Amino acid sequence: MESVIGIVIVIAVICTFAFFVIKDYMKKLQGGCCGSAGDVIRKNKVTDKNKSHYKFISVLWVDGMICQNCQTRIENELNSIDGIWAIANASDGKVIVRMKTPINDDLLRKAVNNLDSYTVMKIEKQGTI
């Protein structure tokens, strides 16, 4: 009798876990990876879009960026750093980072990696313009 009760408890725990996993997965299917259905993350505007003001360029290769909201989250985080204009592209996993002054790779990596869902795999310096 005790073994039957133990089995029933184990089955109940497994079913409860499966329920929450399936519920979370269904939510992601409906809303995409970074928001609920129809939600769009607002893009922070870069005020200075004169390319000649940005003498330094780096390309970040980012893992985990898969949708428009991912692009916007990464761009917003990088563009919040003074002197940066970042443009992300989820289809190829690249972020072009234009900088007015040289910025340490660790700062760029940390800004993206701190978003939790993304990992900077590689940073390529494009040099100066």
Nearest-20 debye value, the chain charge dipole, Cβ charges on Lys, Arg, Asp, Glu: 620 debye
Per-residue [θ]222 nm for the chain (sum of -39500 (n - 2.57) over DSSP H runs n ≥ 4, rounded to 500): -13500 deg cm²/dmol
Hypothetical label at residue 100: residues of the stretch 71-85 whose amide nitrogen lies under 11 Å (7 Å Cα-Cβ projection): 82-85
Placed amide H near residue 86: partners under 5 Å, 5+ positions off or other chain: 79, 98
Calculated FRET value between residue 9 and residue 113, using beta carbons and R₀ = 30 Å, to 0.05: 0.15
Options 74, 85, 56, ranked by Cα towards positive dipole end of the stretch 54-129, top entry (Cβ charges): 56
The chain: translational diffusion in µm²/s, Stokes-Einstein, Kirkwood Rh over Cα pairs, 37 °C, 0.692 mPa s: 193 µm²/s
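Bear in mind that the values in this text are calculations on the coordinates, not laboratory data. No experiment lies behind these values; they were computed from the predicted model shown. Cβ coordinates were reconstructed from backbone atoms using ideal geometry, including for glycine residues, and neighbour counts include every protein chain displayed.
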